[in-house]
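Each reported figure results from applying straightforward, stated rules to the coordinates on display, with no laboratory input. A quick note: this is a predicted structure, and the numbers were derived from the prediction, not measured. Positions of Cβ are generated from backbone atoms using ideal geometry, with glycine treated the same way; all protein chains shown enter the neighbour counts.
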Amino acid sequence: MITINDKKDCMGCHACSNICPKSCITMKSDSEGFWYPSVDYNKCIKCGVCVKVCPIINKTVVQNNPRAYACYNKNETVRLESSSGGIFTLFAEHIINNGGVVFGAVFDKSFSVVHSYVETKEGLERFRGSKYVQSKIGDTYKQAKEFLDEGTKVLFTGTPCQIGGLKSYLQKDYGNLFCIDIICHGVPSPKVWEKYISYQQNWNESTIRKIIFRSKDKGWKRYSVSVSFNNAIEYLQTFDKDLFMKAFLKNICLRPSCYKCDFKTLHRQSDITLADFWGIQNVLPDMDDDKGTSLIFVNSIIGQYMLENIKDKILYKETDINEAIFYNSSAIKSVKYNPKRENFFKEINQLSFDKLVQKYCSDNILVRIKKKLKAVVRTILKKIGLLVVVKKLLEI
Ligand SMILES: Cc1cc2nc3c(=O)[nH]c(=O)nc-3n(C[C@H](O)[C@H](O)[C@H](O)COP(=O)(O)OP(=O)(O)OC[C@H]3O[C@@H](n4cnc5c(N)ncnc54)[C@H](O)[C@@H]3O)c2cc1C
Ligand code: SF4
Ligand code: SF4
Ligand code: SF4
């Protein structure tokens, strides 16, 4: 049966708990708030299928030739409600128009992030937008399999490791399955997210009505976290100032597996990969109006077919994949481990959320000066048109 010796070797994908024929694997939160399998040895029959479906133990190597596109949805309302170019919604609508079902990440009533499914276009709104917290897969692999077995078209969206978990769990190819993953920076702890929600509610003396991680009110590139409260207070703060986003982007509260992720590759198990086209202003300036441009990889024949189906609803340009990921290293590289992470989690129950983030995520004076200097040099290089050249030279 499944045993976790090193937490870095479990992404919490739920494939083992979904497959267990005796339902004796429970996914339990550890002290950092991440889920790991826990086996009830009294019920276990030692059949070994949990080990057989673990995507970390059984690595899949994909050989393909992905193509990259810059694109965005022509429907501006949907585009502005989405994190990047609003491409997810178009694929999802196509599946639903053809009698299918769409799986993805939504907020539940208490704003925890969970995987769920929808069969109507009206229901897609909850699925739109990035939620920067690990989404709980729950029983959705089992539910997707039931739909697939009865011949229903299924679009399953998630992080690359969630798609890896689904494919491992299914153990066979389905012609009616379409998978979308994302370029994934990493996923923050659900416990840190819960702490942020409580902090926000206490500070604003109200319960929360709505959360948007990627509001474009101040632009797509300087995106903001927006929180609407039931007492009519509206909170809007850019990603570099919001306390949760600070902790996320400092890599202090990510799942241990995210610091050595096996799923960061250009050869992916999904049919389509969705991402932000960071750096679009340098690569294809005419595709940038700061309302959100997607970078997509087409990884398979199904992916190419699906893209053909939505082409009349998007503006797009094919681009060189290596140039496209130049500003988006999360496509192929894991983030650096933050050495303060251990102490951050040691103090999570002692400090209030703002104190915790101030203590562990503030830049010291030297880092602040370095960042300022970097920004000045960057602006000068950009003005004289040498930014891309210098960046390329530095990469060498
Ligand atoms: C945790 C996380 C890290 C990311 N890191 C990067 C990155 O480093 N670089 C980059 O370019 N893009 C990253 N993205 C992807 C990016 O933010 C957009 O989600 C993506 O470009 C799709 O945008 P869209 O406009 O097409 O659709 P949207 O409507 O914005 O996206 C909705 C889709 O995102 C999925 N989704 C939302 N939250 C989650 C979640 N917690 N877990 C799994 N799936 C989720 C939904 O199921 C749905 O399929 C990340 C997304 C997430 C959730
Ligand atoms: S060995 Fe079989 S019964 Fe035991 S935990 Fe794994 S899947 Fe469940
Ligand atoms: S199947 Fe997924 S949740 Fe289970 S041990 Fe492997 S990585 Fe962890
Ligand atoms: S970084 Fe890797 S392990 Fe972490 S959530 Fe993303 S795909 Fe999974």
Report task. Give, in nm to one decimal, the length gained when the segment between Lys43 and Asp262 is fully stretched (0.36 nm per residue of separation minus the Cα-Cα distance). Result -> 75.7 nm
Query raised in the report: Once you put a point 7 Å from the Cα of Glu205 and another 7 Å from the Cα of Asp354, both along the Cβ direction, what distance in nm separates them?
Result: 1.5
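Report the relative contact order of the range 191-295, percent, no decimals, based on alpha-carbon pairs under 8 angstrom and at least 6 residues apart.
Numbers: 104 pairs, mean separation 19.3, N = 105.
RCO, the range 191-295: 18 percent.
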Report summary line: Mean 1/r over distinct Cα pairs of the range 83-216, inverted to a Kirkwood Rh in Å, yields 15.8
Query raised in the report: Based on the Kirkwood radius over alpha-carbon pairs, what value in µm²/s does the Stokes-Einstein equation return for the translational diffusion coefficient of the range 209-336 at 37 °C and 0.692 mPa s?
Result: 194
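If you take the alpha carbon radius of gyration of the chain and divide it by 2.2 N^0.38 Å, what ratio comes out, to two decimals? Could you put the intermediate results ahead of the total?
Numbers: Rg = 21.1 Å, N = 396, 2.2 N^0.38 = 21.4 Å.
Ratio of Cα Rg to 2.2 N^0.38 Å: 0.99.
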Query raised in the report: Restricting to lysine pairs 8 or more places apart or on different chains, what number in the range 10-156 have Cα atoms under 18 Å apart?
Result: 16
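Could you give the alpha-carbon Rg of the range 1-160 over 2.2 N^0.38 Å, rounded to two decimals?
On the way: Rg = 17.8 Å, N = 160, 2.2 N^0.38 = 15.1 Å.
Cα Rg divided by the expected 2.2 N^0.38 Å: 1.17.
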Query raised in the report: What is the extension gain from Gln63 to Thr77, computed as 0.36 nm multiplied by their sequence separation minus the C-alpha to C-alpha distance, in nm to one decimal?
Result: 1.3 nm
Report task. Any chance you could run the full-extension gain for Lys311 through Asp9? It's 0.36 nm times the residue separation minus the Cα-Cα distance, nm to one decimal. Result -> 104.8 nm
Report summary line: Taking only the alpha-carbon positions of the range 138-185 as identical scatterers, the Debye log10 I(q)/I(0) at q = 0.19 Å⁻¹ comes out as -0.55
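In the neighborhood of Asn97, defined by Cβ-to-Cβ distances under 11 Å, what is the net charge if each Lys or Arg adds +1 and each Asp or Glu adds -1? Mind showing how you got there, number by number?
Details: positive: Lys121, Lys153; negative: Glu93.
Spelling it out: positives minus negatives among the neighbours equals +1.
Please give me the summed charge of the neighbours of Lys210: other residues whose Cβ is under 14 Å from its Cβ, Lys and Arg +1, Asp and Glu -1. Don't skip to the answer; put the middle values down first.
Details: positive: Lys109, Arg126, Arg128, Lys131, Arg209, Arg214; negative: Glu81, Asp108, Glu125, Asp217, Glu234.
My count for the surroundings of Lys210 gives +1.
Do you know the relative contact order of the chain, to the nearest whole percent, from alpha carbon pairs under 8 angstrom that are 6+ apart?
Numbers: 690 pairs, mean separation 78.7, N = 396.
Result for the chain is 20 percent.
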Query raised in the report: With springs only between Cα atoms under 10 Å, which of Gly292, Gly158, Gly99 fluctuates most in a Gaussian network model of the chain?
Result: Gly99
Report task. Go through 44-57, 213-226, 161-174 and give me the packing order, highest mean Cβ count within 10 Å leading. Result -> 161-174, 213-226, 44-57
Query raised in the report: Can you tell me the Rg and the Dmax, both Å, for the Cα atoms in the range 320-370?
Result: 15.9, 49
Query raised in the report: Which whole-number percent is the relative contact order of the range 1-127 (Cα, under 8 Å, 6+ apart)?
Result: 15
